[in-house]
Structure formats: C-alpha cells, structure tokens
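Student: The structure follows.
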Amino acid sequence: MVTLRPARQSDIPSLVALLRQLFEIETQFAFDPERHRAGIVLILSRPEMGRIIVAELDGRVIGMVNLQFTVSTAHGTLSVHIDDLVVDAAARGQGAGAALMEAAQVTAKELGAGRITVNVDPSNASALDFYRRFGFSSLNLTRHAKAL
C-alpha cells in the first residue's frame with residue numbers, strides 16, 4: 001500500500017533520481033543532479049517556501065510532489081504551485097500519483113490557498129489527462145522564463 005509523508009534529508013538521493021525521470025520527459029530542462037539536490041535542500045530547509053511530500057511503497061520512495069508557495073494578487077490569497085509531481089515509472093498505476101495530488105490539494109486548502117497551479121509540458125498527453133481528471137483546466141497564458 002502506498003503511504004505519504006513529508007520528505008526528509010535522507011530522501012534526497014531518491015528525489016534526485018525521480019527528477020531524472022521527470023526531466024527525461026520535460027526536455028526543456030537538462031538533468032543536473034547537483035543543481036536539483038541544491039533545490040531540494042533549499043525547500044527542505046525553508047518550509048515557508050514550499051513542501052515536498054513523498055509516496056512510499058514497501059519502504060521505498062516511489063514518488064514526490066514539490067509544492068511552492070506564493071501570493072496571488074488576482075485572488076488575494078496564498079497560491080500553491082505544483083513544481084514537480086513524478087512517480088517512478090516502475091511504480092505507476094498503483095495510485096501514488098493520485099495520492100500525491102490529493103495530498104497537494106489538502107495541503108493547499110489547509111494553508112488557506114485560493115488556488116493551486118501546475119505547468120504541464122503540452123506534449124505530455126498523459127500528464128494533461130491526469131490533471132484534467134483532478135479538475136485542472138488550461139489557462140489562456142504562456143509562461144516565460146529567464147535565467148539569472
């Protein structure tokens with residue numbers, strides 16, 4: 001049975017391995033284990049910025065959701081952004097993704113967030129279908145980024 005819990009420092013190698021799988025799909029990002037490790041450490045050390053929840057099966061981390069916190073002036077509330085949601089390819093289809101999504105939404109509500117957002121690679125049809133099943137709809141916006 002899949003269980004959920006907050007991520008710990010000892011999970012970092014497993015989380016980096018999950019991000020490797022994610023970034024094989026999201027090709028606009030290059031896998032950089034040291035950079036990803038630093039990001040995970042930052043989130044774990046600054047809980048006011050976000051949370052990482054892991055899914056475990058038989059004592060092994062098989063999935064994660066990375067939640068980032070911001071304020072939406074449009075909504076006048078906290079907004080939670082799902083920065084990463086990934087389940088190990090070998091463990092998909094066992095409910096871990098759905099459990100992580102439910103946990104993300106519960107966490108957002110408990111924090112008083114007025115909305116939850118996610119970016120999805122438009123070529124990732126299975127991810128688009130997954131988020132639609134949970135009531136997400138596409139915004140008529142594009143996201144732009146610039147490295148600093």
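Student: GluC sites (Glu not before Pro) within the stretch 7-81: which are DSSP loop residues with at most 14 other Cβ atoms inside 10 Å? Present the calculation step by step, with values, prior to reporting the outcome.
Tutor: On the way: sites: Glu24, Glu26, Glu34, Glu48, Glu56; in loops: Glu26, Glu48.
Sites meeting the loop and neighbour criteria: Glu48.
Student: Here are several values of Rg and Dmax of the Cα atoms in Å: (1) 16.7, 49; (2) 18.6, 68; (3) 14.8, 42. Which one was derived from the coordinates shown?
Tutor: Read-out taken from this structure: (3).
Student: Within the stretch 25-134, which chymotrypsin sites (Phe, Trp or Tyr not before Pro) sit in a loop by DSSP and count at most 16 neighbouring Cβ atoms inside 10 Å? Could you put the intermediate results ahead of the total?
Tutor: On the way: sites: Phe29, Phe31, Phe69, Phe130, Tyr131, Phe134; in loops: Phe29, Phe31, Phe134.
Here the sparse-neighbourhood loop sites are Phe29, Phe31, Phe134.
Student: Name the trypsin sites (Lys or Arg not before Pro) in the stretch 1-100 that are in a loop by DSSP and that have at most 15 other C-beta atoms within 10 Å, would you?
Tutor: Working: sites: Arg8, Arg20, Arg35, Arg37, Arg51, Arg60, Arg92; in loops: Arg8, Arg92.
Those satisfying the criteria are Arg8, Arg92.
No value in this document is a laboratory result; all are computed from the given coordinates. Since this is a predicted model, take the numbers as computed values, not measurements. Here Cβ is always computed from backbone atoms with ideal geometry, including for glycine, and neighbour counts include all displayed protein chains.
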